[in-house]
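Q: Got a structure here, written out as structure tokens. Questions coming.
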Amino acid sequence: MTFNLEIDGQIRQVEIDPADPPGQWRIRIDGEEVEADAHLIRPGVMSLIIAGQSHRLVLDAHPTEPALHAGPQRIPYRVEDPRSLRSRRRHAGSASPLPVRASMPGRIVRLLVEKGEVVAAHQGVIVVEAMKMQNELKSPKNGRVAEIRVSPGDTVAAGDILAIID
């Protein structure tokens, strides 16, 4: 399994594959291999031995600020799909207008910005409810909200353009 992990603003590519014996994992972080012994103690709590050092990790799966707790240290993190990360990196400095699209069918719950407002890349723009979950759609780049095509209560289909960031 390969994914991108952002810790304290630094993005790392992580590859994880099971190894022998069971409980052993082959982990590559930015191409550098690390052997780890990991055991799930209970949901959200893991015992991890890396390079002979023992760590107890506790997952804080807060919906907006997930973090790992290693002893007294709180480590915020974010896991990204590599395909969407590449796309956002590619478009983040784009001079052309970019759309904010509905990722799935749903209902618009609220607008977080107004037309003409300046937004940063990855800033929340619109909240869509889909399958009883609220999803915050983010700006694909730094820019200004050129257009908002929806209102709270509107129903949208996957792929619909909800706003334009110029």
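The values are calculated or read from the model by the stated rules, or taken from the named source; none is laboratory data. Bear in mind that the values here come from a model prediction, so they are computed numbers and not experimental data. Because the Cβ atoms are built from the backbone with ideal geometry, glycine has one as well, and the counts that use them run over all protein chains shown.
Q: Determine if the stretch 111-119 includes at least one residue that is modelled with pLDDT under 90 and not assigned by TED's automatic domain parsing to the domain that holds VAL45.
A: Of the stretch 111-119, the ones modelled with pLDDT under 90 are none.
Within the stretch 111-119, none of the residues are modelled with pLDDT under 90 and not assigned by TED's automatic domain parsing to the domain that holds VAL45.
Q: Being surrounded by 13 or more Cβ atoms within 10 Å (Cβ to Cβ), at pLDDT 75 or above and closer than 30 Å to GLU136 by Cα narrows it down to one of LEU59, LEU85, so name that one.
A: Selected residue: LEU59, the only one of LEU59, LEU85 that is surrounded by 13 or more Cβ atoms within 10 Å (Cβ to Cβ), at pLDDT 75 or above and closer than 30 Å to GLU136 by Cα.
Q: Still on this structure: Identify the residue in the stretch 37-61 that is among the small types (Gly, Ala, Ser) and under 24 Å from the mean Cα position of the chain (by Cα) and, among all such residues, is nearest to TYR77 (Cα to Cα).
A: Applying the first criterion (among the small types (Gly, Ala, Ser)) to the stretch 37-61 yields 38, 44, 47, 51-52, 54, 61.
Restricting the remaining residues to those that are under 24 Å from the mean Cα position of the chain (by Cα) gives 38, 44, 61.
On the way: ALA38: 19, GLY44: 15, ALA61: 10 Å.
Per the criteria, the residue is ALA61.
Q: Taking the criterion of being among the hydrophobic types (A, V, I, L, M, F, W, C), surrounded by 13 or more Cβ atoms within 10 Å (Cβ to Cβ) and touching a Gly at 6+ places or on another chain (Cβ under 6 Å), would at least one residue in the stretch 115-129 satisfy it?
A: Yes, the conditions are met somewhere in the stretch 115-129.
Q: Would you please name the residue that is nearest to ALA120 (Cα to Cα), looking only at residues in the stretch 138-163 that are among the hydrophobic types (A, V, I, L, M, F, W, C) and assigned to a loop (DSSP other than H, G, I, E, B)?
A: Just the residues of the stretch 138-163 that are among the hydrophobic types (A, V, I, L, M, F, W, C), to begin with: 145-146, 148, 150, 156-158, 161-163.
Okay, now just the ones that are also assigned to a loop (DSSP other than H, G, I, E, B), so 150, 157-158.
Numbers: VAL150: 20, ALA157: 25, ALA158: 24 Å.
Once the filter is applied, the top-ranked residue is VAL150.
Q: Looking at SER96, SER139 in this structure, which one is modelled with pLDDT under 90 and either polar (S, T, N, Q) or surrounded by fewer than 16 Cβ atoms within 10 Å (Cβ to Cβ) (or both)?
A: Criteria check complete, one pass: SER96.
Q: Right, something else. Mind counting the residues in the stretch 103-139 that are more than 11 Å from ALA163 (Cα to Cα) and within 15 Å of the chain's Cα centre (by Cα)?
A: The number of residues fulfilling the criteria is 8.
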